[in-house]
Amino acid sequence: MKTVTFSFDHPVAVKVFFNCTSDPELKQDIKFLRSDEHGLLHVPIEDVPQGIWKLLLEWNHDGRDFCMERIIELPGRSL
């Protein structure tokens with residue numbers, strides 16, 4: 001399974017939003033995910049179409065809200 005991995009200093013529960021910057025018509029569902037006990041978060045991207053995507057992660061820790069934004073490029077699938 002293809003994933004994008006993020007590393008946190010503590011376990012987190014996040015909301016992941018996907019926005020395709022190369023084709024705004026492409027839509028993906030919001031994912032609700034939890035990291036493992038070491039803070040590693042694996043975001044599955046197997047069902048995400050090719051393109052340039054902005055991933056926005058939102059979470060809360062110790063009563064404070066946080067967000068992180070990352071740009072990823074997913075090439076076309078090879079046969």
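Set side by side, the residues Ser35, Ser78, Ser22 differ, and just one is modelled with pLDDT of 95 or more and among the small types (Gly, Ala, Ser), which is Ser35. Of all the numbered requirements in (1) in contact with a strand residue (DSSP E or B) (Cβ under 8 Å, 6 or more places away or on another chain); (2) surrounded by fewer than 13 Cβ atoms within 10 Å (Cβ to Cβ), Phe8 misses one, and that requirement is (2).
In region 57-75, the residues that are of a type outside the set (S, T, N, Q) reach residues that are assigned to a strand (DSSP E or B) and exposed (fewer than 10 other Cβ atoms within 10 Å of the Cβ) with C-beta atoms within less than 9 angstrom, at least six apart or across chains, in these pairs: Glu58/Asp65; Trp59/Asp65.
The values are calculated or read from the model by the stated rules, or taken from the named source; none is laboratory data. Keep in mind the model is a prediction, meaning the values are calculated, not measured. Here Cβ is always computed from backbone atoms with ideal geometry, including for glycine, and neighbour counts include all displayed protein chains.
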